[in-house]
Amino acid sequence: MSDNLLSLKHVSKEYSGNKVLKDINIELKKGEIHALIGENGAGKSTLMNILFGMSVIHTTGGYEGTIEIEGKETHIKSPHDAMDYGIGMVHQEFMLIPGFSIMENVKLNREITKPNLVSPIFGKRLETLNIEQMNEDTRKALDLLDMDIEEYVQVAGLPVGHMQFIEIAREIDKTGIKILVFDEPTAVLAESEAANLLKAMKKLAQKGIGILFISHRLDEIIDVADVVTVLRDGEHVATKKVKDTNKYEIAQLMVGRSITIDREEGTNRNIVDETILDIENLFVAMPGERVKGVDIKVKKGEIVGIGGLAGQGKLGIANGIMGIFPAKGEVKFKGKKSALNDPKSAIKSGLAFVSEDRKGVGLLLDESIESNIAFSAMQIYNEFLVNAGPVKLKDSKKIREHANKMIKELDIRCTSSMQRVGSLSGGNQQKVCVARALTLAPELLLVSEPTRGIDIGAKKLVLDLLKQLNNEGMTIIMTSSELAELRSICDRILIICEGKVEGVLPPDAPDAEFGLMMSGSGNGNMEGREA
Amino acid sequence: MNNENISERLNKSKVSTWVADNIVSLIFVAFTLFGFLVSDGVTMNFFLTELSSRFFRNAFLVLALVIPVVAGLGLNFGIVVGAMAGQIAIAIVLYFGWGGLNGLLLTMLIALPIATLFGYLTGMLYNKTRGQEMIASLMVGYFANGIYQFLFLFVVGVIIKVPKTHPMIKPDGVGVRMTVDMGAYDKGGLKYTLDKIWEIPFMWAILAIFAAILLLQLWKIIRNKKNPALYRYNKTMTVINIILCLAMIAISVQAITTNSSLMMVRKVPVVTGLFIVALCIFNELILKTKLGQDFRSVGQSQHIAEVSGINVDKTRIIATIMSTVFAAWGQIMYLQNMGTLNTYGAHTQIGMFSVAALLVGGASTQKAGVKHAIMGTILFNSMFIMSPEIGLSLFGNALLGEYFRTFMVYGVIGLALGLHVWRTNKKGKVTLN
């Protein structure tokens, strides 16, 4: 036990009564690569925040359990403490200053200085920078990583792979670094760059540094890690030696849920064998959710689910079709080619969109329910308007009638149709979004993250509503990060990974297949499947 | 890992953005040249005399703007507050009649704590108005002007008792006069105290300046030869600079030896020049210290600097204090050259004009250096001199040029800010590639 570099013992954390981490035990040995895997929201970032003493942990009541570094119990109260204990982090989003050279970034706020004429009077801050020494140190760190790039090159314009390495160089340049945390380091890298990175990680581990490796790419974990810990919904599911396990098992552990999926087929469903929406080679430049060429065919009357991990591009598809982010490719709706990058014509052609960004794109929070419901129809179809000579006026009476009808049909809980939308609960806000989309009388409804940020009871209501709409003949494309809800109402589920369709699964496919596809190993061989 | 590709790509983007980066400066060069073409009344002598006196008056103030830009505070219109500190110090010294060189140095000494306090308060305000520093700095200037007027129009006389007969005080005994004569340097006043210590002919100054620049360039090359990795320099720029220096040295030597008409240009104040050079060197050297590196880190990304453990707020306040103190001294140098203290008007314009000058030199809200300040002061004042001449020769009315001058000042600020936003948007725009 004495060779444990870091051990987390019975670590739990709750945010205002909501347990997000339950009894986590992790042990990291010297020179070991310990992989941490879990879906979004499994508690990986909370765990890291605890390890780095981030203020968000302490302002919300701290954590339970103990952290031991080299066998001694420690209390990490700030990121600075963490640094003193020799814990370093390679961030997912780069903490690099683009306008600085590599050396300046590596030495950021750890600059080496030498005294000059005025520094004895005005203090250490006015000492001259020792550029020569700093260059030398940086060179050493870069050499350790087999980087043959000059240390004085500016960071802006370098490929992302280099940036990742500069971050690592910064961490290993810190004296006494013992533990390095890699937070999804390969998420932004190309394949060859990722291979380089993994090589570097192994090399660092050989030098005796303990590495915590957060990733959702199963292949990589199998490739480099010694031990893997799986988290799910804040619970410590399992810790296994990599050589004793396989992809399939890890995937199953990651996705597997105790809750059963209750799924009932609609009574009078009517899926026609007619393709209503045909997407070919769609590219969408949505920041953080890039789509890199997907083909999807949707049949009339279907509910198609789009799933996948965050940042893989599943949200970009609906946003691209609706023209919210720049897109290219071919989208045919009802056999007619629809114009991309033009929200107005997309809506006019019979599409409607309930955005995942309810508060930003979806709703006018300071407006009333009725104007929110009528807004799009007023803009696009000139509905709810009366002509008064040269100007058009709102037809308040018609709007109110329609809004009241919608409120009744969708069971929106509110005091009146004049209530401010911002004061509604999340579930009711979502229903207002749906009501507005329905006001457009669409033939195809795109819904993104319909249950995000709303409580369990309301979730069921929203899903039931979608099912009911579908029974009435509406085609629905639902994008969601919650696999369970996709599986409860969709006819088939597309899993998006790295901007492409990784595969299509029926809702009752086994957990492990979903897990493998979400980790980008869907097409890999399924060895050990029987194990 | 392919380094060649990277440097190639960086070079390519450099060439294509050069014009866009320097568009404001190019407009001003073209404007000045156009002025020479259309107006026949302007002699080189007149132009250079005007330009040199304006340059030595304004350069220090423009240089005071460099540090806040480096520290990410943008264009510090708040140097107006520093100028007020300088004027308060001048008013105190004039009131007690301490003239001469000692009086001027005393003025600077008195201005130091006042400007430090003002700078500290302004800096705190900037920290509270993060992201809106520029508009805050503009407003703080107007706000401080109100307090300044209260101080000079009411406090002096009503709260601080002063004799009615004092030449600075209004006849009714309350408030300071609109204009206060600062008195001649040799008669116990402050006018020209700095300028008249040592003056040399214009062409000698040109010779000295360009000889110094030439030596600097050569030193850079030698340093690079010794240690190419550590000291890098831009080869083409250095060659151009050296050719330019040699040309200017040749012209000045020719003028001196033949005693040509260029020798008739008004003499140049050496000590004022040395003050300007000193601030230039300070601005450069501070960047080579830990504090300077912190300025740059904070200026590039407050978030990353904060995460790295730099005290961002304190660093920004130090930058603001430095700028404010330099502005106070700059205003003192400006006024000793003017010779009269325009009590309620002298400081109001300097924020706008200095900022415009810096922008004309090719600086932006995020990038500024000594080079930009010096070039900008020269180009901006050239425009100031030429615009009435252009108005006169094109429209027969010098006043039209005057209007044009105002248009150019505010137009340049607007253009530079607009270009900056346009470029940032372009950079941040989401594209499919």
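The values are calculated or read from the model by the stated rules, or taken from the named source; none is laboratory data. Everything quoted here is computed from the prediction, not taken from an experiment. Heads up, the Cβs are rebuilt from the backbone with ideal geometry, glycines too, and the neighbour counts pull from every protein chain shown.
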* State all residues of segment A:366-405 that are closer than 18 Å to A:K431 by Cβ, touching a helix residue (DSSP H, G or I) at 6+ places or on another chain (Cβ under 9 Å) and among the basic types (K, R); if no residue qualifies, say none. => A:R400
* Which of (1) within 14 Å of another protein chain (Cβ to nearest Cβ); (2) surrounded by fewer than 21 Cβ atoms within 10 Å (Cβ to Cβ); (3) touching a Leu at 6+ places or on another chain (Cβ under 9 Å) is the odd one out, the single condition A:G350 does not satisfy? -> (1)
* Give segment A:48-86 a look and list any residue that's among the aliphatic types (A, V, I, L, M), surrounded by 13 or more Cβ atoms within 10 Å (Cβ to Cβ) and part of a helix (DSSP H, G or I), or say none. => A:M48, A:I50, A:L51, A:I57, A:A82, A:M83
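Being within 14 Å of chain A (Cβ to nearest Cβ) and assigned to a helix (DSSP H, G or I) narrows it down to one of B:A328, B:A319, so name that one. Spell out the reasoning first.
Numbers: B:A328 fails: within 14 Å of chain A (Cβ to nearest Cβ).
None of the others qualify; the one that does is B:A319.
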* Asked: Mind checking whether some residue in segment A:107-120 is surrounded by fewer than 17 Cβ atoms within 10 Å (Cβ to Cβ), more than 24 Å from B:L287 (Cα to Cα) and without any contact (Cβ under 8 Å) to a residue 60 or more places away in the chain?
  -> no
* Kindly check whether there is at least one residue in segment A:428-440 that is free of Cβ contacts under 8 Å to residues at least 60 places away in the same chain, closer than 29 Å to A:E485 by Cβ and outside the structural domain of A:I276 (by TED's automatic domain parsing). => yes
* Selection within segment A:332-365 - in contact with a Cys (Cβ under 7 Å, 6 or more places away or on another chain) and modelled with pLDDT under 85 -> A:R358, A:G362
* The lone exception for A:L180 - which of (1) under 31 Å from the mean Cα position of the chain (by Cα); (2) part of a loop (DSSP other than H, G, I, E, B) it fails -> (2)
* Scan of segment B:229-249 for residues that are surrounded by 12 or more Cβ atoms within 10 Å (Cβ to Cβ) and of a type in the set (G, A, S), ordered by number -> B:A229
* To do: Select from segment B:149-161 the residues that are β-branched (V, I, T) and touching a residue at least 12 places away in the same chain (Cβ under 8 Å) and list them in ascending order.
  => B:V156, B:V158
* Name the single residue, out of those in segment A:150-162 being at pLDDT 85 or above and closer than 20 Å to A:H91 by Cβ, that is farthest from the other protein chains (Cβ to nearest Cβ). => A:V155
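Each row is one residue, and each column tells you yes or no for (1) within 14 Å of chain B (Cβ to nearest Cβ); (2) modelled with pLDDT of 90 or more; (3) over 24 Å from the mean Cα position of the chain (by Cα).
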residue: A:G41; (1), (2), (3): no, no, no
residue: A:S45; (1), (2), (3): no, no, no
residue: A:L51; (1), (2), (3): no, no, no
residue: A:E64; (1), (2), (3): no, no, yes
residue: A:G71; (1), (2), (3): no, no, yes
residue: A:P98; (1), (2), (3): yes, no, yes
residue: A:N105; (1), (2), (3): yes, yes, yes
residue: A:L117; (1), (2), (3): yes, no, yes
residue: A:G123; (1), (2), (3): yes, no, yes
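For (1) buried (at least 22 other Cβ atoms within 10 Å of the Cβ); (2) aromatic (F, W, Y); (3) on the phi < 0 side of the Ramachandran plot, each residue gets a yes or a no:
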residue: A:T275; (1), (2), (3): no, no, yes
residue: A:F283; (1), (2), (3): no, yes, yes
residue: A:I303; (1), (2), (3): yes, no, yes
residue: A:G316; (1), (2), (3): yes, no, yes
residue: A:G320; (1), (2), (3): yes, no, yes
residue: A:A327; (1), (2), (3): yes, no, yes
residue: A:E370; (1), (2), (3): yes, no, yes
* Residues satisfying the stated conditions in segment A:126-144, i.e. surrounded by fewer than 21 Cβ atoms within 10 Å (Cβ to Cβ) and either under 19 Å from A:I211 (Cβ atoms) or at pLDDT below 85 (or both) -> A:L144
* To do: Consider B:G351 carefully, then state whether it is within 27 Å of B:T32 (Cα to Cα), in contact with an Asp or Glu (Cβ under 8 Å, 6 or more places away or on another chain) and either more than 10 Å from chain A (Cβ to nearest Cβ) or outside any loop (DSSP other than H, G, I, E, B) (or both).
  => no
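Kindly indicate which of B:G157, B:G189, B:G173, B:G183 is out of contact with any strand residue (DSSP E or B) (no Cβ under 7 Å at 6 or more places or on another chain), buried (at least 16 other Cβ atoms within 10 Å of the Cβ) and either among the charged types (D, E, K, R) or over 21 Å from B:T348 (Cβ atoms) (or both).
The conditions single out B:G189.
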* To do: From the list B:G273, B:G299, B:G292, B:G309, pick out the single residue that is at the interface with chain A (Cβ under 9 Å from one of its Cβ atoms) and either of a type in the set (S, T, Y) or farther than 26 Å from B:V140 by Cβ (or both).
  => B:G309
* To do: Please find, within segment B:389-433, the residue that is surrounded by the fewest Cβ atoms within 10 Å (Cβ to Cβ) out of those that are without any contact (Cβ under 8 Å) to a residue 24 or more places away in the chain and of a type in the set (S, T, Y).
  => B:T431
* **Those residues of segment A:316-331 which are free of Cβ contacts under 8 Å to residues at least 40 places away in the same chain and either touching a Cys at 6+ places or on another chain (Cβ under 7 Å) or part of a helix (DSSP H, G or I) (or both), in sequence order** => A:G320
* Structure fact -> Of the residues in segment B:312-349 that are buried (at least 24 other Cβ atoms within 10 Å of the Cβ) and of a type in the set (G, A, S), the one that is farthest from B:Q87 (Cα to Cα) is B:A319
* Please find, within segment A:474-497, the residue that is surrounded by the fewest Cβ atoms within 10 Å (Cβ to Cβ) out of those that are assigned to a loop (DSSP other than H, G, I, E, B) and at pLDDT 85 or above. => A:D491
* Asked: Applying the selection to segment A:316-341, what residues are within 14 Å of chain B (Cβ to nearest Cβ) and either of a type in the set (K, R) or within 21 Å of the chain's Cα centre (by Cα) (or both)?
  -> A:G316, A:N319, A:G320, A:I324, A:F325, A:P326, A:A327, A:K328
